[in-house]
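Following: one structure in structure tokens, then a few remarks.
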Amino acid sequence: MKKMIAPSMMCVDFMEIGKCVRELERCGADYLHIDIMDGSFVPNYTLGTDFIRALKKNSTLPLDIHLMIERPEQKLDWFTFGEGDYVSIHAESTPHLQRALTAIRVRGAKPMVAINPATPVCAIKHVLDDVDAVLVMTVNPGYAGQKLVPATLEKIREVRKYLDQSGYAHVKIEVDGNVSFENASYMSKAGADIFVAGSSSAFAKGATLDQNMARLRESIE
């Protein structure tokens, strides 16, 4: 199964965003990861609806939209997404998780359920029929540049084993949080399939985007 890279658009130079998207397309990025934070579910505000609309219009890459917002089922109509895109919502963000995931699939996108570092794996048990992927947060969401929560490496293994033994081997695992070159290798061996690449890999200082993407690809494969 091919390992995929989803560079985090939260980490790009916003004055050069068009140029950066073109470079990511050329470097073989698989998705563009977009963090949406509402200042309530997580203590930060980030990218918004117009940003997603602009990317859909101007990039050939599918989107990986990460909704870190309260009650996402009430707000899905705000966002532009469709066939080929991933949309992740947090198990902790709504009492109507299955309803929200179903609404994403009805729109033609691929639903993904996200779980924070301290959320038990069993939280995804009753929505496995409704998802194409599980996002294992390897930091507590809200800010770029955080250190890896060490226990999440074992959690990736636990999720992979749980999916495989439950008959959901086709469900992918995405990882998000301090996906450095070194950590990405451990995450890949633990069973991760999709890697959100931010300030510690794709956009790391001291090398070009092309060099960083190639190095990350080598780390995960």
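The values are calculated or read from the model by the stated rules, or taken from the named source; none is laboratory data. Bear in mind that the values here come from a model prediction, so they are computed numbers and not experimental data. Virtual Cβ from ideal backbone geometry, glycine too; neighbours counted across all protein chains shown. For accessibility, only protein heavy atoms count, side chains too; no ligands or nucleic acids. Shrake-Rupley method; radii C 1.70, N 1.55, O 1.52, S 1.80 Å.
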I'm checking my understanding of the structure. Among residues of the range 15-54 that are aliphatic (A, V, I, L, M) and at pLDDT 90 or above, which one is nearest to Gly84 (Cα to Cα)?
Leu32
Checking Thr94 against (1) over 17 Å from the mean Cα position of the chain (by Cα); (2) under 18 Å from Leu216 (Cβ atoms); (3) surrounded by 13 or more Cβ atoms within 10 Å (Cβ to Cβ): exactly one of these is not met. Which one?
(2)
Qualifying residues in the range 1-52 (those that are of a type in the set (S, T, N, Q) and open to solvent by 30 Å² or more (accessible area, probe 1.4 Å)) - the one farthest from Glu221 (Cα to Cα)
Ser40
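Any idea which of Leu24, Leu61 is of a type outside the set (Lys, Arg), closer than 15 Å to Lys110 by Cα and not in a strand (DSSP E or B)?
It is Leu61.
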Within the range 143-170, the count of residues that are closer than 19 Å to Ile5 by Cβ and either among the aromatic types (Phe, Trp, Tyr) or assigned to a loop (DSSP other than H, G, I, E, B) (or both) comes to 3
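Yes or no, residue by residue, for (1) among the polar types (S, T, N, Q); (2) surrounded by 19 or more Cβ atoms within 10 Å (Cβ to Cβ); (3) touching a strand residue (DSSP E or B) at 6+ places or on another chain (Cβ under 8 Å); (4) part of a helix (DSSP H, G or I):
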position	(1), (2), (3), (4)
Arg105	no, no, yes, yes
Ala114	no, yes, yes, no
Ile124	no, yes, yes, yes
Leu128	no, no, no, yes
Val134	no, yes, yes, no
Val175	no, yes, yes, no
Gly206	no, no, no, no
Asp210	no, no, no, yes
Those residues of the range 23-47 that are more than 16 Å from the chain's Cα centre (by Cα), more than 21 Å from Asn116 (Cβ to Cβ) and of a type in the set (Gly, Ala, Ser) come to a total of 1
